[in-house]
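J.: Pasting a structure here, questions to come.
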Amino acid sequence: MSLFRTLPSPACGRIQNLGHHAHVLINCDSAVFMKDAQAPQRLINGQSVYQDRPLYAVSNWVLSNSLIKAGFPNRTIPIRGNSGSITQYSEIFYLGYLILNFLILFSASLLMLKWLKTQFDIQPKNSTLWLVGLNSLLILTGNELTKTFFWTPHSQMFNVLLPAYALYLFARRNELNKRKFEVLNLGAIGTLLFCYSLLGILYFIILFSSRRGLLPRFRRILVSIIPYAMWPFIIQIAGGKYHSIAITRYREYIWVFDSIKNGDFVSAFLHNESSFARTLPLFPASVLLIVFVVWAWQNRNTFVLKRLLNDLRIQFFIIFLFFYSLMGYYARRVTLSPILFADLIAFAVVLKLLHRLSSRIQILVSSGFLVLQLIFWVFTHGPMQ
C-alpha cells in the first residue's frame, strides 16, 4: 500500500518512480549508504560520513555480493544527486538494503509480540486478542517512520527496533539475572552499536534489571562497549581516517560541553529543548496525555506520582526522551522512537482498563482503533526527511 500512496516533494531527497504508479522516497542520505555498501573501503579511508555505523553497510556488502555470486541479475542505474553529479547505483545493493530493512522490522515485530504475550494471553480463537496483536503490530510498523524510511537505504529502521527490543528486555527482566541471557544481550547490543549507536540506551535496562550485583553488571556493560569505543582507533591503526559528522557538523551531545565552555549553557539548553519539543508528533503525544489522565483518575486513591517514578519502564522512558532531547540534532524521525515505546505501553494500559468492560465493547474499540490506524497510515505523509 505504501508504494502507491501520494507523496509530496521531500525536504531532503527525491521521489523515484518505479513504474505502474508505484514510487518510493529516496532520502538524500541514502547515497552515502549505497556508496558505502558498494565500496566499504570508504568506511576506513574517511570518505564516508557514517563511519560511526559501519555494520549496516558492511552487512549489505556481504548480502549483495552473495546474491550476485548466486547468479542474481544485476544492473547499474545512473542517478543524478542533489549536487548534480551522477553516480552509478547497483540494483542488487538497493535490494540488499530493502532485505535488511525487512529483517530489522521483522525482528522488531517478533520482539514486540514476545512482550505482548507477557501482557495478554493471546489464544488462536480469541478474536479480541487477535485484534490486540494487529493493533500493536500497526503501532510498531504502520507509523510515519516506516512509511518514510522502509523503502530507502537508511539506518532509521533501528529507531523501530530500539523500542521493541526495550519492551522485550522488560518482558524478560527476571531472566537478565541469569549470566548466559545477560551476556547474550550484552553481546547483541554491543554489536548493534556498530549499526546505530543510540541503541546503547538499552544498557540502562540491563544495568538496573536488579538491585543486586550492580557493579559487576556495570563492568560487563563496559566490556560490551569496548569494541565500539575502539573503532575510531582501529581505523587509524589500519592507516585510515575517522570522521564523525555527528560530532563535527551537528555537535551531538558535544554541544553541552561547548555551551559550558562558552558560558551560555542555559540559553543553549532551552533552545535545544524547544527544538526537540517541536519534533514531537502532536496526535500521538495528545493521546499519551489523555491515557495518562485517565489512568491517573482510575488510580486517584493511590500515590500516582510515586507509583510512576518507581516503575522502571517509566524511568527508562524519561531517560529515553531526555537522552534524545540532549542530542543537539532534532528531527521527527528520531523523536518517534521513544514515542513508539510510550505508545505501546499506553496501548497495553488502555486494554487493561477496557478489560473490565464486555468483550463486545472491547472488540468494537479495538476494531475502531485498527481502522483509525490504517487511515492515518495511508493518508498521512510522514516526516519526509
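Each value in this text was obtained by applying a stated rule to the coordinates, not by laboratory testing. Just so it is clear, the structure is predicted and the values come from calculations on it, not from any experiment. Backbone-built Cβ (ideal geometry, glycine too); neighbour counts: all protein chains shown.
J.: For log10 I(q)/I(0) by the Debye sum over Cα atoms at q = 0.09 Å⁻¹, one of [x] -0.59; [y] -0.50; [z] -0.68 was computed from the structure I shared and the rest are decoys. Which label?
T.: Here log10 I(q)/I(0) by the Debye sum over Cα atoms at q = 0.09 Å⁻¹ agrees with entry [x].
J.: Would you kindly enumerate the cysteines in the chain that have no other Cys beta-carbon under 4.7 Å from their beta-carbon?
T.: When partners are defined as cysteine Cβ atoms under 4.7 Å apart, the chain leaves Cys195 without one.
J.: Does anyone have the angle between helix 54-69 and the longest principal axis of the chain? Alpha-carbon axes, 0 to 90°, nearest 10?
T.: 70
J.: Using only the alpha-carbon atoms, how far is helix 359-379 inclined from the longest principal axis of the chain? Give it as 0 to 90 degrees, nearest 10.
T.: 20
J.: A follow-up question, please. Could you line up Lys180, Lys114 from fewest to most neighbouring Cβ atoms inside 10 Å?
T.: Values: Lys180 8, Lys114 14.
The most exposed by this proxy come first: Lys180, Lys114.
J.: Here's a follow-up. Per DSSP H run of at least 4 residues, take -39500 (n - 2.57); add these up for the chain, divide by its residues and hand me the 222 nm value, nearest 500 deg cm²/dmol.
T.: Numbers: 18 runs with 244 residues, N = 385.
It lands at -20500 deg cm²/dmol.
J.: Ranked highest first by average number of other Cβ atoms within 10 Å, how do 336-347, 58-69 line up? Walk me through the intermediate numbers first.
T.: Numbers: 336-347: 23.0, 58-69: 16.7.
Order by mean packing, descending: 336-347, 58-69.
J.: Across the chain, how many lysine pairs separated by 8 or more positions, or lying on different chains, have Cα atoms within less than 24 Å?
T.: Count of close lysine pairs: 14.
J.: For a Förster distance of 51 Å, can you work out the FRET efficiency between the beta-carbons of Ile234 and Leu3, rounded to the nearest 0.05? Spell out each step's value before the answer.
T.: Numbers: r = 40 Å, r/R0 = 0.79.
Step by step, r from the Cβ atoms, then E = 0.80.
J.: For the Cα atoms of the chain, what angle does the longest principal axis make with the long axis of helix 179-192, in degrees from 0 to 90, nearest 10?
T.: Between the helix axis and the principal axis of the chain, the angle is about 50 degrees.
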